[in-house]
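Engineer: Have a look at this one before I ask anything.
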Amino acid sequence: MALREFTDRAGRAWRAWDVYPGIARTASLSVREGYRDGWLAFACGTETRRIAPVPLGWTALDEDGLERLCDDAMRSPGTNRPTA
């Protein structure tokens, strides 16, 4: 799992990380269609977002690129957040 941190134009600190569901058959059944191959998650405070599939090369993007992905991501429940 790669983890990146960036600050958006509004000054909010975000964390971004890639998520890949387990390879067990039961794990893939519990993951919503479109997310079974993984997603990129974003978190800022209590707000979380995700975009699927994981964009190629996301770890090499500058802060503007990460913010664009975050802007395109869908809001999601606060699950799968890494602990500090």
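The values are calculated or read from the model by the stated rules, or taken from the named source; none is laboratory data. The shown structure was predicted, so the numbers you read here are calculated from the model rather than taken from an experiment. Note: ideal-geometry Cβ built from the backbone for every residue, glycine included; neighbour counts use all protein chains shown.
Engineer: Just to be sure before I move on: is residue 73 touching a Gly at 6+ places or on another chain (Cβ under 7 Å), at pLDDT 95 or above and more than 14 Å from residue 1 (Cα to Cα) in the structure I sent?
Structural biologist: no
Engineer: Restricting attention to segment 28-54, which residues are of a type outside the set (Val, Ile, Thr) and either more than 10 Å from the chain's Cα centre (by Cα) or surrounded by fewer than 10 Cβ atoms within 10 Å (Cβ to Cβ) (or both)?
Structural biologist: Matches in segment 28-54: 28, 29, 30, 32, 33, 34, 35, 36, 37, 44, 45, 47.
Engineer: I'm trying to understand the selection: among the residues of segment 1-42, which are at negative phi, modelled with pLDDT of 95 or more and among the small types (Gly, Ala, Ser)?
Structural biologist: 10, 13, 16, 41
Engineer: Now, a different point. Among all residue pairs at least 6 apart or on different chains, which show Cβ distances below 7 Å where the first residue, located in segment 52-67, is more than 13 Å from residue 9 (Cα to Cα) and the second is at pLDDT below 95 and of a type in the set (D, E, K, R)?
Structural biologist: 53/37
Engineer: What do you reckon, is residue 59 more than 11 Å from the chain's Cα centre (by Cα), β-branched (Val, Ile, Thr) and modelled with pLDDT of 90 or more?
Structural biologist: When the stated conditions are applied, residue 59 passes them.
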